[in-house]
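The values are calculated or read from the model by the stated rules, or taken from the named source; none is laboratory data. These numbers were taken from a predicted model, which means no experiment stands behind them. Cβ: placed from backbone, ideal geometry, glycine included. Neighbour counts: every protein chain shown.
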Amino acid sequence: MWNQIKSQLHEYPERLKVARVLIENGLSVQEDKIYLNQIEIPPIRIARVAGVDRRTVTETLNTIKANAELKMIFEDLRPAGHSLKEIAKHINLGVLEITPVNARSPGILSNAAMVLNRAGLSIRQAIVDDPELSPEPKLTLIVEKKIPGELIPEVLKIPGIAKVSVY
């Protein structure tokens, strides 16, 4: 998906910045407006986050509207949902953050889930960064209670895992 967007906007690096902000935040484009679900977001807010002029946001919206391929992507875009990662410690949940060697390697999520399952831990959320959008994609698993330290070496044995953080 990101490669499709880049191929359409490669001549306009500032518009590409706007597109990245839209994608990363799950913001859809309907006609000439930007939405977070049903909430309209003013273009100036996107401009500030993207570090561009408001007119660049408007030009990006016009480009999306005029391009069937881009329009199809951005019209139905939605946020992935809330994440418990930032508040996990306050509500006594555990967080296991996995950095893969290669984010496209199969089996990392399923093998990590099996390790947690064997330890009797239930996964509340699994958040996976898109390798096309994130320079260092991670798998974040939020579990029902704190993660015991003895699980770290077991998780590190999973093929394709470079690094593990627990908090």
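Across the stretch 83-138, the qualifying residues are those that are of a type in the set (Asp, Glu) and out of contact with any Phe, Trp or Tyr (no Cβ under 9 Å at 6 or more places or on another chain), and the one among them that is farthest from Glu154 (Cα to Cα) is Glu86. Take Asn3 and decide whether it is surrounded by fewer than 11 Cβ atoms within 10 Å (Cβ to Cβ) and of a type outside the set (A, V, I, L, M). When the stated conditions are applied, Asn3 passes them. Within the stretch 68-92, residues that are within 20 Å of Trp2 (Cβ to Cβ) have Cβ atoms under 8 Å from residues that are surrounded by fewer than 10 Cβ atoms within 10 Å (Cβ to Cβ) in these pairs: Arg78/Asn37; Pro79/Asn37, counting only partners at least 6 apart in sequence or on another chain.
For Glu69, the conditions (1) charged (D, E, K, R); (2) in a helix (DSSP H, G or I); (3) under 30 Å from Lys145 (Cβ atoms) all hold with the exception of (3). If you go through the stretch 34-50 and keep only what is closer than 13 Å to Glu75 by Cβ and either free of Cβ contacts under 8 Å to residues at least 12 places away in the same chain or part of a helix (DSSP H, G or I) (or both), you end up with just Tyr35.
Among the residues in the stretch 143-166, are any part of a strand (DSSP E or B) and closer than 30 Å to Ser7 by Cβ? Yes - at least one qualifying residue is present in the stretch 143-166. Condition (residue is touching a Pro at 6+ places or on another chain (Cβ under 9 Å) and of a type outside the set (Lys, Arg)) applied to the stretch 74-90: is it met by at least one residue? No - not one qualifying residue is present in the stretch 74-90. Each residue in the stretch 1-22 was checked for being at pLDDT below 95 and among the β-branched types (Val, Ile, Thr), and 1 pass. Among the residues of the stretch 12-33, none qualifies, meaning not one is within 30 Å of Glu144 (Cβ to Cβ), hydroxyl-bearing (Ser, Thr, Tyr), outside any helix (DSSP H, G or I) and free of Cβ contacts under 8 Å to residues at least 60 places away in the same chain.
Applying a threshold of 7 Å to beta carbon distances and a minimum spacing of six or more residues, or different chains, the list of pairs starting in the stretch 136-155 at a residue that is at pLDDT below 95 and ending at one that is acidic (Asp, Glu) reads Pro137/Asp129; Pro137/Asp130.
For the stretch 78-121, the set of residues classified as in a helix (DSSP H, G or I), of a type in the set (Val, Ile, Thr) and surrounded by 12 or more Cβ atoms within 10 Å (Cβ to Cβ) consists of Ile108, Val115, listed by residue number. Would you be able to say whether some residue in the stretch 59-75 is among the small types (Gly, Ala, Ser) and within 23 Å of Arg45 (Cα to Cα)? So far as the stretch 59-75 goes, yes, one or more of its residues are among the small types (Gly, Ala, Ser) and within 23 Å of Arg45 (Cα to Cα).
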